[in-house]
4 protein chains.
Amino acid sequence: MAQVYHTDHFFEKYNVRTDLALESHQVVVEKEGPPELPGVKVETEEQEGIIITRITVENELGAQLMGKAPGNYSTIESRALREHNRDLQENLAELLAQELEWFFSESKLAPEDGILVVGLGNWNATPDALGPRVIENLMVTRHLLEMSPPELRHGLRPISAISPGVLGLTGIETGEIILGVVDRIGAKAVICIDALASRSVDRLCSTIQISDTGINPGAGVGNRRLAINQESLGIPVIAIGVPTVVHAVTIVSDALDLIEQGNLNGAPGDQIPQRVQFEVDPDVLLGKKQSPQTIPNLQDSVGKRRLISQVLEPYMGSMIVTPKEIDILIEEVADVIAGALNISFHEGVNYDEVFKYLS
Amino acid sequence: MAQVYHTDHFFEKYNVRTDLALESHQVVVEKEGPPELPGVKVETEEQEGIIITRITVENELGAQLMGKAPGNYSTIESRALREHNRDLQENLAELLAQELEWFFSESKLAPEDGILVVGLGNWNATPDALGPRVIENLMVTRHLLEMSPPELRHGLRPISAISPGVLGLTGIETGEIILGVVDRIGAKAVICIDALASRSVDRLCSTIQISDTGINPGAGVGNRRLAINQESLGIPVIAIGVPTVVHAVTIVSDALDLIEQGNLNGAPGDQIPQRVQFEVDPDVLLGKKQSPQTIPNLQDSVGKRRLISQVLEPYMGSMIVTPKEIDILIEEVADVIAGALNISFHEGVNYDEVFKYLS
Amino acid sequence: MAQVYHTDHFFEKYNVRTDLALESHQVVVEKEGPPELPGVKVETEEQEGIIITRITVENELGAQLMGKAPGNYSTIESRALREHNRDLQENLAELLAQELEWFFSESKLAPEDGILVVGLGNWNATPDALGPRVIENLMVTRHLLEMSPPELRHGLRPISAISPGVLGLTGIETGEIILGVVDRIGAKAVICIDALASRSVDRLCSTIQISDTGINPGAGVGNRRLAINQESLGIPVIAIGVPTVVHAVTIVSDALDLIEQGNLNGAPGDQIPQRVQFEVDPDVLLGKKQSPQTIPNLQDSVGKRRLISQVLEPYMGSMIVTPKEIDILIEEVADVIAGALNISFHEGVNYDEVFKYLS
Amino acid sequence: MAQVYHTDHFFEKYNVRTDLALESHQVVVEKEGPPELPGVKVETEEQEGIIITRITVENELGAQLMGKAPGNYSTIESRALREHNRDLQENLAELLAQELEWFFSESKLAPEDGILVVGLGNWNATPDALGPRVIENLMVTRHLLEMSPPELRHGLRPISAISPGVLGLTGIETGEIILGVVDRIGAKAVICIDALASRSVDRLCSTIQISDTGINPGAGVGNRRLAINQESLGIPVIAIGVPTVVHAVTIVSDALDLIEQGNLNGAPGDQIPQRVQFEVDPDVLLGKKQSPQTIPNLQDSVGKRRLISQVLEPYMGSMIVTPKEIDILIEEVADVIAGALNISFHEGVNYDEVFKYLS
């Protein structure tokens, strides 16, 4: 499948594993130089300490460079999720709701179109339990609305929700369960919530990514094997993901980068070097052609990363870690996402009313 | 649907709600007299304090009388489940496994045929959480076996399992989810685990019913609306149910029966009167024809039951109750059922080995 | 101990088990006739569907009659808790907070006096888990305030909280753990939260009792053996209790009363007969002297209740039941109580502020 | 307090934080050279893939060098805990039981002496929930035995158990709760179970430390502030700890060591250099005197570690991590420890019998 190839190629080239388009972009820019990649559009906005980055992978060339399928990726970064500040979390939920609404309109969803929300992940493994926790807090309406004509629905959208579990718990690929349910209930779109892997400890549980490319094989904490996207389901699939784990080896190599650079005024990924922009030859970026001015330092960097992986393999190679406070972090992120979904789903009805009407 | 009619007719006639064929049979025999009903075969066995009753509803006539769909119903009654005795529980699991194996062979299941186990019920409501708790303890093998040829499967059967939730949690009828999943994964049979309503406090969490008639609308603690049976799914459906709740009104009317009879040497349902057996006119039993020797006492009994319901309605009419110890009771019954399933599923492999091989 | 004698005497006389003073009072009035009992003061208030009954057991005579220790008992009854209505629940929490504040001032607690909140009960048994669930939602402040001088405490009171578990989980009497902790931390008062037994299904999870008599042996779902009261701890003990369970036999005898009376315009306990009030001879009430005009009907009533118990003993005698929806009911009552405690504890600080300040 | 000084001095000298005596020893030997430290006795045993290391800190000198209080420390290392192998886990439980029995006899505990088991940690934070999880699986007997004379106790020891929670949940120092309870119930010894911090990812959830020095301030995942030891409680305190978290900075510096050494045939801590043993001058080790032959490399190593901490501080300085699979790891380690305790507590009664007798 195309998506797997994207990911594999990217990993082979940079020895970095990340589910965030934002991080892919930073890795490429860091290693290759030019801040503008062909086939990739990036736009950043900041309000009240919350940074929104919107990346569009416009074509197959951009997809190859980024190791991500073509489509839209919005990333919302906020310390609110790590600082246990309820006010900031409510702001964040509203911002997330607005961003989701953009994705809904982009996917041509009408206000009365039914949506199936899928909580991916393993409810028995805290760092992978984000999806099921969101589902627990979701306002489910499909069964209440299916009997009433649209004019009597008070602006409520038919929402259904499942937490399909993971392969080890069910013996069934998650994708198969979702396909089966979508076939039966005739939803107009699917929203998947998933826990992701990041390359930076700094971003754990403080970043939310929304994309319209669905969930691709090998992604997420649980390493799904089947794609859950518009191609496989036949309807739009919007994925909401939050990084909750990081490879131990990644912690080490990012730390090495930091130490070597001696340039410490920003997070590992933020260090977009201020260089003169120049035309890039896509073939060089894709590795099909040797760059004329090969920067030895870059080669070293990737090579070193690989060496580190090999050296550390016996001790921590496969070790994937999560913050000690993961229980409370998951709970709070799940609240923010469920809140944002409940707001964005139902037009013309305010949050409080909706709760009174239904509960 | 035929099944709903069965249940409704039965309830209208006797004002008794029960999901147990055993209790239906006792009600009819108690009220109508003859211990042998046309179209209904009953057989009882006892070993070491465990009573197994096998009821076959042979045809539509039996189904109408009993308020239960035609098919086989085995009921295993044991105090072990209420006495927290682990040895007795292990015996019980073995007996249950044997009974299940009879149902498998009756359903023509080959040893390598894949089975989907479905844990019905609401994991957030303890008395309705039996199904999901069984699934938690189940040995799931489908994903491990699907790649290996049958000769290398070490006598393991491909087992998959889901807990689909309830309408209020998902917005989707449970039956729809199961249909969708069965369509995708090609299982050869479905086993449903469900919490039931009983007419007797005495039977709560101490009785296990197995039947090949599936789950019919209105049955179970959660009051499902769609049938989950061979007719709807196209493959055999075996239902395992345990009564965990009882209507408060039922407690009262059974108590009244006990008090009035003054005959107190047995449980409410056990009081099969010792009368001379006589030929029954099925039309009388079905209420189509007036019985020539109408026993006024019986009419009173049903009438009184109705009166009681009306009188108590405002205070406890809709109140359904469960034992105070329901958490531990559910846990232990779930262990017994999961243990029995794990044993009965996998031929030629003993229990301990299976665990070592897989865990 | 005096309290045990109260309870035992009451049970022997009326064959009714209840932890609610309100119900004790209704039983005595129902059976004995006069609505005004010597040594017992009753006052009722109603606002917006919420009934508050304040009973003062003024002396030993009242205590004997009621089977309750001398002291103050406030009972708040509201359907809000059974109707899943969040607005009503918030009103209820405010009313409960006001009532609690009355008890605080009655106990001479100053605003800066530290309070230890104790969540009694077994967190593994849903109907007995009320106490621990309240503790989970409580704002704990003692560790934050102990370093700061009172003038910098922003009107916050030092609150500490424990869920000591039950004898079967710890091997230690709950009272011993509380005594040990109170000795060490120097709290000025203890508030105990406990699940109770009621005589009426109608009152389950819809009634909250507050009293300053503490917890007496044999009370509550868990049947504690040591008293937890001012006498044993040396500081005021305020008990907050909610009935969550009812004896099956009680359901039956209340139903019988209802049926026989034919008078069905009220709940079992509400049927205070409209009789002419007359002077009561306390010795008659206490059973020390034979009433001159013994009403045979009354004798029958108690005798019948005893007979019913004996008849039903083998089937449901010891069966204690709880509503099928107990999980959600406990969750909502716990929210109301925790909310009321958080409001009432901290003077001059409003609810929202407190949360922001601390979280 | 002496213990804090030990820890602080050690941290200042080596910039390493660990709760394991085994790791302290390895750090000192690694950095200082001689494998034999004055005042510290080390003995190692290996059976079936399980390594037992017994360290005795004999005096104040050893304590200063190791940063650990004087006393006995046994460490059991086994991959069983990470490989989900039930057979190996049962072996491990037996070995742990034997080791515990040695500590009991060392503490002069008679078979009938009551023990209070304390599950330290926060049940809401998975990596810190080890203690409470062990308590859940513990066989509690004190309440069953206190009425019966020793000759009728069937070789059972009176065991009580509490999970006191953490400061943030209760507002009370854990040590205060334990002191209060010990005062009341008259236990003859306390066993504390706690989650620890390690310096090596490799040891997370695969190592169990037993010591008779209790829990000292600043130790454990939850950073307790009061000592829980023989000095504070007046009775022997045996601590059982398992590392479940590691500082992110530690992962980095250990990785750097590995990379630089180029010597990769062993785990970070296992690299005891093969040098000629020589007499050590304790004053040099304790830092009171400058070593005559200061090895600059070592100084660099500690200096570098400090530099790394400073550089990484803004991104991951305070980040403490735990493995992604922490839920299942905690569950399995808790089973092993609870099993070992249940075996070791009760003399002359085998495991299976004990369960039957009590459950």
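The values are calculated or read from the model by the stated rules, or taken from the named source; none is laboratory data. These numbers come from a predicted model, not from an experiment. Cβ: placed from backbone, ideal geometry, glycine included. Neighbour counts: every protein chain shown. We work out accessible area using only protein heavy atoms, side chains counted, and drop any ligands, DNA or RNA first. Shrake-Rupley method; radii C 1.70, N 1.55, O 1.52, S 1.80 Å.
Screening residue A:127 on (1) assigned to a helix (DSSP H, G or I); (2) without any contact (Cβ under 8 Å) to a residue 12 or more places away in the chain shows it passes everything except condition (2). Could you tell me whether region C:159-172 includes any residue that is open to solvent by 10 Å² or more (accessible area, probe 1.4 Å) and either hydroxyl-bearing (Ser, Thr, Tyr) or outside the structural domain of residue C:132 (by TED's automatic domain parsing) (or both)? Taking every residue of region C:159-172 in turn, at least one turns out to be open to solvent by 10 Å² or more (accessible area, probe 1.4 Å) and either hydroxyl-bearing (Ser, Thr, Tyr) or outside the structural domain of residue C:132 (by TED's automatic domain parsing) (or both).
Right, residue C:176: open to solvent by 20 Å² or more (accessible area, probe 1.4 Å), of a type in the set (D, E, K, R) and within 14 Å of chain D (Cβ to nearest Cβ) or not? Judged against the criteria, residue C:176 is a match.
Pick out the one residue from B:79, B:86 that is assigned by TED's automatic domain parsing to the domain that holds residue B:193, open to solvent by 20 Å² or more (accessible area, probe 1.4 Å) and touching a Lys or Arg at 6+ places or on another chain (Cβ under 9 Å).
Working: B:79 fails: touching a Lys or Arg at 6+ places or on another chain (Cβ under 9 Å).
Criteria check complete, one pass: B:86.
Pairing each residue of region D:57-69 that is more than 17 Å from residue D:216 (Cα to Cα) with any residue that is part of a helix (DSSP H, G or I) and open to solvent by 10 Å² or more (accessible area, probe 1.4 Å), provided the two are 6+ apart or on different chains, yields C-beta distances under 8 Å for D:61/D:282.
If a residue has to be of a type outside the set (Lys, Arg) and more than 10 Å from chain B (Cβ to nearest Cβ) to count, how many in region A:136-158 make the cut? Step through it out loud before you land on a result.
Here is the first cut: in region A:136-158, the ones of a type outside the set (Lys, Arg) are A:136-141, A:143-152, A:154-156, A:158.
Of the ones still in play, those that are also more than 10 Å from chain B (Cβ to nearest Cβ) are A:137, A:147-152, A:154-156.
The total comes to 10.
Of all residues in region C:149-176, those satisfying the criterion of being touching a Ser or Thr at 6+ places or on another chain (Cβ under 7 Å) and free of Cβ contacts under 8 Å to residues at least 24 places away in the same chain are C:170, C:171, C:172.
Go through region C:130-148 and give me each residue that's within 25 Å of the chain's Cα centre (by Cα) and either in contact (Cβ under 8 Å) with a residue 60 or more places away in the chain or closer than 30 Å to residue D:158 by Cβ (or both).
Narrowing region C:130-148 to residues within 25 Å of the chain's Cα centre (by Cα): C:130-140.
Once the filter is applied, which keeps residues that are within 25 Å of the chain's Cα centre (by Cα) and either in contact (Cβ under 8 Å) with a residue 60 or more places away in the chain or closer than 30 Å to residue D:158 by Cβ (or both), region C:130-148 yields C:130, C:131, C:132, C:133, C:134, C:135, C:136, C:137, C:138, C:139.
Quick one: in region B:206-218, which of the residues that are farther than 13 Å from residue B:70 by Cα and crowded, with 24+ Cβ neighbours inside 10 Å is farthest from the chain's Cα centre (by Cα)? Working first, answer last.
Within region B:206-218, the first condition is being farther than 13 Å from residue B:70 by Cα, and the residues that meet it are B:206-210, B:217-218.
Pick out the ones that are also crowded, with 24+ Cβ neighbours inside 10 Å and you get B:207-209.
Numbers: B:207: 8, B:208: 6, B:209: 4 Å.
Here the answer is B:207.
Applying the criterion of at least 3 residues that are hydrophobic (A, V, I, L, M, F, W, C) to the helices (runs of 4 or more DSSP H) found wholly in region A:137-229 leaves A:174-185. Exactly one of these conditions fails for residue A:41: (1) open to solvent by 20 Å² or more (accessible area, probe 1.4 Å); (2) modelled with pLDDT of 80 or more; (3) in a helix (DSSP H, G or I). Give me its number. Looking at each condition in turn, residue A:41 falls short on (3). Residue count for region D:101-118 under the criterion of being of a type in the set (D, E, K, R) and open to solvent by less than 30 Å² (accessible area, probe 1.4 Å): the result is 1.
Select from region D:7-30 the residues that are more than 18 Å from residue D:53 (Cβ to Cβ), open to solvent by 20 Å² or more (accessible area, probe 1.4 Å) and part of a helix (DSSP H, G or I) and list them in ascending order. Across region D:7-30, the qualifying residues are D:7, D:8, D:9, D:11, D:12, D:13.
For region C:119-135, the candidate set comprises residues that are within 14 Å of chain B (Cβ to nearest Cβ) and closer than 13 Å to residue C:329 by Cα; within that set, the residue that is most open to solvent (accessible area, probe 1.4 Å) is C:133. Checking each residue in region D:21-50 for being among the aliphatic types (A, V, I, L, M) and more than 26 Å from residue D:236 (Cα to Cα) picks out D:27, D:28, D:29, D:37, D:50. When you check residue B:60 against the structure, is it open to solvent by 40 Å² or more (accessible area, probe 1.4 Å), in contact with a strand residue (DSSP E or B) (Cβ under 8 Å, 6 or more places away or on another chain) and at pLDDT 90 or above, yes or no? So residue B:60 fails the test.
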